[in-house]
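Peer 1: So that we are looking at the same thing, I have put the structure below in structure tokens.
The values are calculated or read from the model by the stated rules, or taken from the named source; none is laboratory data. Since this is a predicted model, take the numbers as computed values, not measurements. Because the Cβ atoms are built from the backbone with ideal geometry, glycine has one as well, and the counts that use them run over all protein chains shown. Accessible surface areas use protein heavy atoms only, side chains included; no ligands, DNA or RNA. Shrake-Rupley method; radii C 1.70, N 1.55, O 1.52, S 1.80 Å.
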Amino acid sequence: DATYSVKAMITWAWETGRIEDVPRNLKSFRRVSLPDPEAPVFTKEEILELFHHGSARTKLYILLALNAGYTQQDIANLTHKNLDWKTGIMQELRGKVKKKAKVPRQVRLWPATLEQLRLQATDPGQSDLVLLSDSGRPLVQRSTRNGKACVVDCVQLAFGRLTRKRHIKGRTFKLFRKTGADLIKNKYIAAKPG
């Protein structure tokens, strides 16, 4: 974007007679080659460290993130009607794609994920949401206070406490999604989109 401004300034200077000639490489100088960015991801060791030292609830969050690619909001929005406890399959339309997707995405839960979810799930008769905070509220709450947007994110708070205790810095909960995608990409590097 910065090179666009430079090109526009040089063109303006030439058109207004402030410079005699336009540089020959005006078209090609914008072609900047940068190395492929490295996505910040968790290493296998970091995932195991966090999982083994986390509370039961935090372990469940980590399992849902790795198993289903869930973010904090996805975990907070998980409802009983989208989860088949017998088969261990979740059917849902993620928040960002609800307007576009016509077929729900199905995720088969790992046995460990399903077991932890069963242990911590709410009673379907008391709440539509599968998981609630200790105070009985949604895991992610959005509100306004004094005209400012406020978010209380129990998943990120629990995860933040764990990463501080284990001295893992600069990582957020959402990186689990990138970590999973990166591992899949590296494992199936020769796979071609079909």
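Peer 1: How big is region 103-154 by the Kirkwood estimate over distinct Cα pairs, in Å?
Peer 2: On the way: mean 1/r = 0.0744 Å⁻¹.
Result for region 103-154, one decimal place: 13.4 Å.
Peer 1: Further question: Of Gly147, Trp110, Ser135, which is farthest on the positive side of the dipole of region 99-151, counting Cα position, with +1 on Lys and Arg Cβ, -1 on Asp and Glu Cβ, and the Cα centre as origin?
Peer 2: Gly147
Peer 1: Same structure, new question: Using only Cα atoms, figure out Rg for region 52-170 and give it as a multiple of 2.2 N^0.38 Å.
Peer 2: Compared with the compact-globule rule of thumb, region 52-170 sits at 1.11.
Peer 1: Now a separate question. Provide, as a two-decimal number, the C-alpha radius of gyration of region 3-89 over 2.2 N^0.38 Å, N being how many residues it has. Don't skip to the end; give the middle numbers.
Peer 2: Numbers: Rg = 26.7 Å, N = 87, 2.2 N^0.38 = 12.0 Å.
The reported ratio for this selection is 2.22.
Peer 1: Can you sort His80, His52, His167 by 1.4 Å-probe accessible area, starting with the largest?
Peer 2: Numbers: His80 25, His52 120, His167 150 Å².
Ranked from most to least accessible, the order is His167, His52, His80.
Peer 1: Are there GluC sites (Glu not before Pro) in region 10-88 that DSSP marks as loop and that have at most 10 other Cβ atoms within 10 Å, and which are they?
Peer 2: Numbers: sites: Glu15, Glu20, Glu38, Glu45, Glu46, Glu49; in loops: Glu20, Glu38.
Answer in residue order: Glu20, Glu38.
Peer 1: Given points 7 Å out from each Cα along the Cα-Cβ axis, report the Asp84 to Leu157 separation in nanometres with one decimal.
Peer 2: 3.6 nm
Peer 1: What FRET efficiency comes out for the pair Val6/Glu38, r = Cβ-Cβ distance, R0 = 25 Å, nearest 0.05?
Peer 2: On the way: r = 28 Å, r/R0 = 1.11.
So the FRET efficiency works out to roughly 0.35.
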